[in-house]
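Bear in mind that the values in this text are calculations on the coordinates, not laboratory data. All figures in this text were calculated on a predicted structure; none of them were measured in a lab. Don't worry about glycine lacking a Cβ; one is built from the backbone with ideal geometry, like all the others, and counts go over all protein chains shown.
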Amino acid sequence: MKVSRKILQKYIILFCAFITALITICSSNNLFIHVGAFISFCVIPIIIVKIDILHPYCWFTGFFCIYSTAHPILYSLGYNSRIGYSKEIMIYQLVAIFVSLLFITPKKVQYPNFRDKNQMRIDLGIFNKIIYILLILSLVFVAYYVSNQGYTGKSEIYDAGPLWVRIVFRFPLIISILYTMSIINYYSEHKYLPKKQMSLVGGALLIITLFSGERDFVFRFIIITIMLLWMLKKINLKHLFIIAPIIMTLIPLSHTFKYYFLTHNISNGSENWIQSLLSGEFESASRNLQELVNYSEIVKGSKGFEQIGIDFLSVFSSEISSPTKWFADTFYPNNNVGYGFTLTGEGYIIGGIFGIIILFSIVGLLIRFFYKNSTKNIYSFSAYLYFLTIIIYAIRADFSTILSGIVKQIGLVLLVIFIMERITKVPKINRKNNLECKME
């Protein structure tokens, strides 16, 4: 494969930034220098792609940076003192992001022409449109149902709720992909955004979030919407500088009022803004990696490289335990609170730093595949937007989460939508043929 001169220059810049950050972290015992070096490295790939938020160098690096530095920052403020901090976790995470960026490549794809109806528009068909509407209405109904059942949180809903409620809680996954396709279709035909539809979907997801505490629903919607608006050139960097602080304010607020509409109680308000922003989901990846490093003599390389194959098999069998469950059973037995895991940590238990290199090589290739093919048609673009939300979530989970998301969520949903679209087209073809026969 021939590499252009510009791409090679970008690789050299990336490599120099990596070596500089690595030497800085290794040669210092100051936590703030470690965090500063890591953040400085993460800024480089974002600048390389000129802050194009649809490029993985921007969104993946940005989120990985937040997840990787959350625990060290909180530790420096006096939190998580039981777990401690060691610079090894910054080195492992630095290697992880660098390796993945090498395989993703800084090359940018050409954006689809959304004004070309033949390139980025399909006929969703009456079946898909009806399903789309019914899914949205079902979320509102379930929100009303759970609000009257006395549930205290999402874990109780998943554990004790009826089967049909748990099924409906999967609908936002389908809605997210249908939402992407519908917005693109509408814009391709009318040349402006369907604001009422966007408000309806966002409102339905917000309602189910408020009455379940499942914040992923609404934040996934926000990420996908921002990406769509960026692609359609409806927002630019100036808008992002306004949106970013708003989201950074919403995250702590969503934590405080997470279960308010279920229990009418708010979470402990004694946390300061930084702790509330970084604690929970963001800190879990680096905190859990620190847990593993603390017991390195036991867990380092304990799973072996066959764990990657097991992750593939786990997609098709619920009997196979995931690394996330292994971590919970090992470090937090008899605890119902979900602590997530760490994608970097899975590489660590696979084979130490070599396991991290192998795992993130595969992750980088997967990200590159979805990004490179995102311009082919509306299916591939919708798959890419949903895929990036899976990757963001998987940073604090494991590799099986990525594989499961690709097969069970993206693959299955797109297959159903495609079949429905084809079924809808059949009658049209038949009517056309019948008309031609009558004319003859």
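Laid out as a table, the results:
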read-out: Residues E214, E346, sorted so that the one with the fewest Cβ neighbours within 10 Å comes first; value: E214, E346
read-out: FRET E, pair I12, N265, Förster distance 51 Å, beta-carbon r, rounded to 0.05; value: 0.40
read-out: Residue pairs, from the table K191/K408; K107/K238; K196/K376; K129/K238; K258/K325, whose Cα atoms sit over 30 Å apart; value: K191/K408; K129/K238
read-out: Loop trypsin sites (Lys or Arg not before Pro), the range 227-258 (other Cβ atoms within 10 Å of the site Cβ: 10 or fewer; DSSP); value: K233
read-out: Kyte-Doolittle mean at least 1.0, axial Cα span of 15 Å or more - DSSP H helices of the chain; value: 5-26, 31-48, 88-104, 125-147, 195-210, 216-231, 237-256, 343-372, 378-394
read-out: Likely footprinting exposure, R396, R422, fewest C-beta neighbours within 10 Å first; value: R422, R396
read-out: Ranked list, fewest to most other Cβ atoms within 10 Å of each Cβ, for F341, F32, F360, F18; value: F32, F18, F360, F341
read-out: Gyration tensor (alpha-carbon) shape descriptor, the range 202-271, a/c threshold 1.5; value: oblate
read-out: Peptide ranges 280-288, 43-51 listed from the most packed, as the mean C-beta count within 10 angstrom indicates; value: 280-288, 43-51
read-out: Answer label, with semi-axes √(5λ) of the Cα gyration tensor in Å calculated from the coordinates and candidates [x] 37, 28, 21; [y] 39, 23, 21; [z] 32, 30, 21; value: [x]
read-out: Helical contribution to [θ] at 222 nm, DSSP H n ≥ 4, -39,500 (n - 2.57), averaged over the chain, rounded to 500; value: -23500 deg cm²/dmol
